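Student: Shown below is the structure under consideration.
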Amino acid sequence: MLEPEVIYNELIKNKTDFFAGVPDSLLKNFCAYITDHTDEKKHIISVNEGTAVALAAGYNLATGKVPLVYMQNSGIGNAINPLLSLADQEVYSIPLILVIGWRGEPGVKDEPQHIKQGKVTCTLLEAMKIPYAVLSDDEEEAKKQIAACYAYITEQNAPYALVAKKDTFAPYTLRKNETVNAEMTREEAIDEIIRVSGENDIFISTTGMASRELYELREKYGMSHERDFLTVGSMGHASQIALSVALQKPDIPVTCIDGDGAALMHMGGLATIGTQKPSNFRHILLNNGAHDSVGGQPTVGLLIDLPAIAKAAGYKKTLSAKTKKELTEALEEKTEGLFLLKSVYGKVHGKTWEGLNQPLWKIKLH
Ligand SMILES: Cc1ncc(C[n+]2csc(CCOP(=O)(O)OP(=O)(O)O)c2C)c(N)n1
C-alpha cells in the first residue's frame with residue numbers, strides 16, 4: 001500500500017500544490033492527507049468533477065503550476081466536457097494530473113452502478129486520448145510512474161491520469177475533523193419521514209447511505225419497497241427523476257430524499273423544480289454538511305442557505321428542521337399546493353458506504 005504522505009510529498013516536490021475534486025471512498029485516505037496538509041485556498045472540495053477541472057485550469061492559468069484533480073471514476077462523465085473542450089491539447093492545453101478511484105474494476109466485486117463504469121474507465125481515458133497509469137501500490141514503482149506523469153505533462157502540457165485501485169492507499173485518519181452539532185442522524189430523519197408519509201407515496205432517494213437506510217428501514221418495519229426508487233448511482237440526479245415522476249403522476253405524493261453533496265452537484269436542478277412547481281412534490285434535503293457516504297469529507301452545505309436558494313429558485317415554501325420535533329412539525333404542516341424543501345441537519349458517521357446487497361428494481365407506475 002502507498003502511504004498518502006509519500007505520494008503527497010512527490011507531488012509537492014514537483015510543485016503541485018493545488019488540489020480539487022469530489023471525494024471517493026477509494027481515495028479517502030489520500031484526500032484526508034491533502035485536507036490536513038494543504039492551505040484551504042489550495043484544496044477545494046468542488047461540487048462536481050467538471051468544476052474541479054475548471055478550478056484546476058484557473059489555478060494553472062494563474063500560477064503556471066500543475067494542479068491535481070481527484071474523483072471517483074463515476075465522475076469522469078461530469079469531467080469529460082471541460083477535459084475535452086477546455087484542458088485538451090487542441091484547445092487550451094492545460095497540464096493537470098487526474099487521480100481517479102477505480103470502482104467496479106473488472107474481477108473485483110462491486111455494486112451494480114459501478115460495473116459498467118469500471119469496465120470502461122480505461123477505455124474512456126483512451127477515447128479522450130488522456131494517457132494514464134494504473135497506480136502501483138509499490139512505493140518505488142509509484143514514484144517512477146509519477147516521474148513519467150510529470151515528464152509527459154511538462155513536454156505535452158496536457159492532462160495525465162493516475163488510476164487508483166481499491167486499497168492502493170494506506171490508512172490515514174483525518175485530523176481536521178469538524179463535528180456537526182446535530183441531534184438527529186440521517187437514518188432517524190428518514191425513519192421519521194417514512195413514518196408520517198402515506199403508504200402510497202413515492203420515494204426517490206439519493207446516492208449513498210440514504211438509499212441504503214431507506215431500504216433497511218423498509219425491511220425493519222416489514223414495509224414494501226415497491227414505491228421506492230433508489231438512485232444508487234448518478235449522484236445529483238435524484239431530484240430530477242422525482243420531479244419528472246411527480247409531473248407525470250400529479251395525484252400521487254412524490255418525495256425526493258436528497259443529500260447536500262448530491263443537491264450541490266447539480267444545483268441548477270432546483271431552478272427546474274422551482275419553475276415547474278408540481279404541488280405533489282416534496283424535496284427533503286438531509287443536510288449533514290458532508291459527503292458522509294464516502295468518508296465524511298465536508299461540503300459547503302452548512303455554509304450556505306440552501307432553503308433560501310430553493311425559495312429564490314421558485315419553491316413555494318421552504319422549512320428547516322434540526323431536531324426530530326421540528327422535523328415532525330415540518331412534515332405535518334399542510335399547505336395548499338405544498339411545495340417544500342426541508343433542510344435537515346443530520347449527524348455524520350464518516351463510515352464509507354459498502355453498498356446495497358439486493359438486486360435493483362424499478363418502481364412500476366404504469
Ligand atoms: C458523479 C459522482 N461523483 C462521486 C460519487 C461518489 N459518491 C457517492 S455518495 C457521495 C457522497 C454524497 O454526499 P451527500 O449527498 O451529502 O450524502 P451523504 O453521503 O452525506 O448522505 C459521493 C461523493 C458518485 N457516486 N458519483
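Student: Does the stretch 84-104 hold any residues that are within 16 Å of the ligand (Cβ to nearest atom), in contact with a strand residue (DSSP E or B) (Cβ under 7 Å, 6 or more places away or on another chain) and not basic (Lys, Arg), and which are they?
Tutor: Once the filter is applied, which keeps residues that are within 16 Å of the ligand (Cβ to nearest atom), in contact with a strand residue (DSSP E or B) (Cβ under 7 Å, 6 or more places away or on another chain) and not basic (Lys, Arg), the stretch 84-104 yields Leu98, Val99, Ile100, Gly101, Trp102.
Student: Name, by its number, the condition in (1) assigned to a loop (DSSP other than H, G, I, E, B); (2) surrounded by fewer than 23 Cβ atoms within 10 Å (Cβ to Cβ); (3) among the polar types (S, T, N, Q); (4) on the phi < 0 side of the Ramachandran plot that does not hold for Gln145.
Tutor: Condition not satisfied by Gln145: (1).
Student: Tell me whether the stretch 225-235 contains one or more residues that are away from the ligand (no atom under 12 Å from the Cβ), surrounded by fewer than 18 Cβ atoms within 10 Å (Cβ to Cβ) and modelled with pLDDT under 95.
Tutor: Yes - at least one qualifying residue is present in the stretch 225-235.
Student: Being in contact (Cβ under 8 Å) with a residue 40 or more places away in the chain and assigned to a helix (DSSP H, G or I) is the filter; apply it to the stretch 126-142 and report the residue that is nearest to the chain's Cα centre (by Cα).
Tutor: Going through the qualifying residues, I end up with Ala142.
Student: Please verify whether Glu213 is without any contact (Cβ under 8 Å) to a residue 60 or more places away in the chain, over 30 Å from Leu125 (Cβ atoms) and touching a helix residue (DSSP H, G or I) at 6+ places or on another chain (Cβ under 9 Å), treating the condition exactly as stated.
Tutor: yes
Student: Here is a follow-up. Could you tell me whether Leu319 is away from the ligand (no atom under 16 Å from the Cβ) and in a strand (DSSP E or B)?
Tutor: yes
Student: Same structure, new question: Spot the failing condition for Ser25; the list is (1) at pLDDT 95 or above; (2) of a type outside the set (Asp, Glu); (3) within 16 Å of the ligand (Cβ to nearest atom), and only one is missed.
Tutor: In the conditions (1) at pLDDT 95 or above; (2) of a type outside the set (Asp, Glu); (3) within 16 Å of the ligand (Cβ to nearest atom), Ser25 misses (1) alone.
Student: Is it true that Asn81 is within 16 Å of the ligand (Cβ to nearest atom) and more than 23 Å from Cys31 (Cα to Cα)?
Tutor: Judged against the criteria, Asn81 is a match.
Student: Can you list residue pairs whose Cβ atoms sit under 7 Å apart, with the first residue in the stretch 302-324 being on the phi < 0 side of the Ramachandran plot and assigned by TED's automatic domain parsing to the domain that holds Arg282 and the second being among the basic types (Lys, Arg) and not in a loop (DSSP other than H, G, I, E, B)? Count only pairs 6 or more apart in sequence or on different chains.
Tutor: Filtered contacts from the stretch 302-324: Thr318/Lys311; Leu319/Lys342; Ser320/Lys342; Ala321/Lys342.
Student: Only one residue in Ala158, Ala210, Ala189, Ala182 is outside any helix (DSSP H, G or I), aliphatic (A, V, I, L, M) and closer than 29 Å to Gly289 by Cβ. Which one?
Tutor: Ala182
Student: Considering only residues of the stretch 291-308 that are assigned to a helix (DSSP H, G or I) and crowded, with 18+ Cβ neighbours inside 10 Å, which is nearest to the ligand (Cβ to nearest atom)?
Tutor: So, considering only residues that are assigned to a helix (DSSP H, G or I) and crowded, with 18+ Cβ neighbours inside 10 Å, the one nearest to the ligand (Cβ to nearest atom) is Leu306.
Student: If you don't mind, there's one more thing I want to ask. So which of Gln113, Gln89 ends up being at pLDDT below 95 and surrounded by fewer than 22 Cβ atoms within 10 Å (Cβ to Cβ)?
Tutor: Checking each option against the conditions leaves just Gln113.
Student: If Thr123 satisfies all but one of (1) within 29 Å of Gly233 (Cα to Cα); (2) in a loop (DSSP other than H, G, I, E, B); (3) of a type outside the set (Asp, Glu); (4) free of Cβ contacts under 8 Å to residues at least 12 places away in the same chain, what's the number of the condition it fails?
Tutor: Checking Thr123 against (1) within 29 Å of Gly233 (Cα to Cα); (2) in a loop (DSSP other than H, G, I, E, B); (3) of a type outside the set (Asp, Glu); (4) free of Cβ contacts under 8 Å to residues at least 12 places away in the same chain, the one that fails is (2).
Student: A further question follows. Return yes or no: is Met267 in the same structural domain as Gly208 (by TED's automatic domain parsing), within 15 Å of the ligand (Cβ to nearest atom), surrounded by fewer than 24 Cβ atoms within 10 Å (Cβ to Cβ) and touching a residue at least 40 places away in the same chain (Cβ under 8 Å)?
Tutor: yes
Student: Now a separate question. When you scan the stretch 18-25, do you find a residue that is in the same structural domain as Ile153 (by TED's automatic domain parsing) and surrounded by fewer than 22 Cβ atoms within 10 Å (Cβ to Cβ), even just one?
Tutor: Scanning the stretch 18-25 turns up at least one residue that is in the same structural domain as Ile153 (by TED's automatic domain parsing) and surrounded by fewer than 22 Cβ atoms within 10 Å (Cβ to Cβ).
Student: Any idea how many residues of the stretch 323-345 are modelled with pLDDT of 65 or more and either crowded, with 18+ Cβ neighbours inside 10 Å or within 23 Å of Ser211 (Cβ to Cβ) (or both)?
Tutor: Adding up the residues that qualify gives 8.
Student: If you don't mind, there's one more thing I want to ask. Looking only at the stretch 236-264, how many residues end up being buried (at least 18 other Cβ atoms within 10 Å of the Cβ), farther than 14 Å from Ser197 by Cα and more than 16 Å from the ligand (Cβ to nearest atom)?
Tutor: 3
The values are calculated or read from the model by the stated rules, or taken from the named source; none is laboratory data. These figures come from a predicted structure and were not determined experimentally. A quick note on method: Cβ atoms are made from the backbone with ideal geometry, for glycine too, and the neighbour counts reach across all protein chains shown.
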